[in-house]
1. If you check GLN204, GLN144, GLN121, which single one turns out to be surrounded by 14 or more Cβ atoms within 10 Å (Cβ to Cβ) and within 19 Å of TRP245 (Cβ to Cβ)?
2. Any idea which residue in the stretch 138-153 is modelled with the lowest pLDDT, counting only those that are out of contact with any Asp or Glu (no Cβ under 8 Å at 6 or more places or on another chain) and hydrophobic (A, V, I, L, M, F, W, C)?
3. When you look at TYR116, is it more than 28 Å from SER76 (Cβ to Cβ) and either open to solvent by 50 Å² or more (accessible area, probe 1.4 Å) or modelled with pLDDT of 85 or more (or both), yes or no?
4. Residue pairs, Cβ under 6 Å, 6 or more apart or interchain, first in the stretch 64-93 and closer than 20 Å to LYS135 by Cα, second of a type in the set (Val, Ile, Thr). List them.
5. Quick one: which residue in ALA176, ALA197, ALA241 is open to solvent by less than 90 Å² (accessible area, probe 1.4 Å) and either at pLDDT 85 or above or within 19 Å of PRO285 (Cβ to Cβ) (or both)?
6. Among the residues of the stretch 146-179, what is the count of those that are aliphatic (A, V, I, L, M), out of contact with any Cys (no Cβ under 6 Å at 6 or more places or on another chain) and assigned to a strand (DSSP E or B)?
7. Looking at this structure, is ALA92 more than 14 Å from the chain's Cα centre (by Cα), small (Gly, Ala, Ser), part of a helix (DSSP H, G or I) and closer than 27 Å to CYS154 by Cα?
Amino acid sequence: MTVLADDLARAGYCTSSEDLFRQIQMWDSTLDRHLATLGISQNLDKSKFLVANPSDFPLAHPSICKQLEYVGSVLSHDGSIAPEIQQRLKKAKRAWMTLRKFWSSAAPEKFKVTCYRALVQNALLSGLEAAVLDKEHIDKMEMQQMQYLRKLMCGGACYKTLKRTLDGRQYVQFNALTNQVVRELTGVPTLQSELSARRLKWLQQLVRWYSAGAPTLHLLEAKFLWESEEQISQTGKLTQATNPWTLQFYSDIKTAVRKLPHLQQLFGSIGWWFIYTEEFQTIKPCVIKSYDSAAAVVVSYEDFAKQFETQGDTRTAKSLFLDRYYRHLASLTQE
């Protein structure tokens, strides 16, 4: 169970409905006691309780819900991202409708595209860098973006051809441009590649400021006490225990390296530990962006099923990681 109230989140484990209500009362009384010393109090009407298994708690409580909105994002009791995708689609539509007359105006198309990316696209992708998305979610968002881009072009997303019937009569046939051509004309890459570029930039920042990014990096690559297998091998190869977030980051790195031949050998030899090299920081995230929806590299466990422990210089991988870590500690000491 997770409790969210403004910037306060509390998590606990409950075995029964009675235990749930007992913990709620204990948390509220404890929080009220501490807030009273500051001269403030909590608003119980805004408190929401997200229970992992709602069916296990038959007693009704006004604050218990299966999903809730917190800081603009929708959290679901089962961890599904589908409600958040629907929320993003609604937010993007609301941003589009706010300027609905502007999109069909005589304003320069380049200016309209800039406004679209700043208002509509950002509303569509907000917070999704940290989510693991499947093809169904990406396709829904791509479909909505393409509708907006075609409307934004004000008829420029199709071309006319003069046709003739069998009896000699002429008629005009409208032919729609392909999605890839529309993206190229507007300069708007696919949402998949846009998210990949944002995730790659985020990963670079996590490594660059290691003191702040260490907790997130450890979640991506470390093995928990209750796990029997490492998420990443000493040679930097992914294993069957690799979590979906690390797998998604690895896909982004592989997509970028594929376009940078001079980095392919280094990445191929040390795998995931490539993120701790100076060469990784030189990658410009925009290199991932593409107008072709089929350009992204989709990495699945099948790519590694037969090569979990492939040949590689283990000492090189470990030394790169430790060297990066020690140099970072030295820089902190000097500061």
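1. GLN204
2. It comes out as ILE138.
3. In short, yes.
4. PRO83/VAL74; GLU84/VAL74; GLN87/VAL74; ALA92/VAL120
5. ALA197
6. Summing the residues that are aliphatic (A, V, I, L, M), out of contact with any Cys (no Cβ under 6 Å at 6 or more places or on another chain) and assigned to a strand (DSSP E or B) in the stretch 146-179 gives 2.
7. Yes: the conditions hold for ALA92.
Residues are listed down the side, and each one gets a yes or a no for (1) buried (at least 17 other Cβ atoms within 10 Å of the Cβ); (2) in contact with a Lys or Arg (Cβ under 9 Å, 6 or more places away or on another chain); (3) outside any loop (DSSP other than H, G, I, E, B); (4) aliphatic (A, V, I, L, M):
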position: VAL181; (1), (2), (3), (4): no, no, yes, yes
position: GLU184; (1), (2), (3), (4): no, no, yes, no
position: VAL188; (1), (2), (3), (4): yes, yes, no, yes
position: ALA214; (1), (2), (3), (4): no, no, yes, yes
position: LEU219; (1), (2), (3), (4): no, no, yes, yes
position: LEU225; (1), (2), (3), (4): no, no, no, yes
position: PHE249; (1), (2), (3), (4): yes, yes, yes, no
position: GLN265; (1), (2), (3), (4): no, no, yes, no
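The values are calculated or read from the model by the stated rules, or taken from the named source; none is laboratory data. Note that the structure is predicted; figures quoted are calculated from it, not measured. Positions of Cβ are backbone-derived with ideal geometry, glycine not excepted, and every protein chain shown enters the neighbour counts. When the accessible area is computed, the model is the full protein with side chains, heavy atoms only, and any ligands, DNA or RNA have been set aside. Shrake-Rupley method; radii C 1.70, N 1.55, O 1.52, S 1.80 Å.
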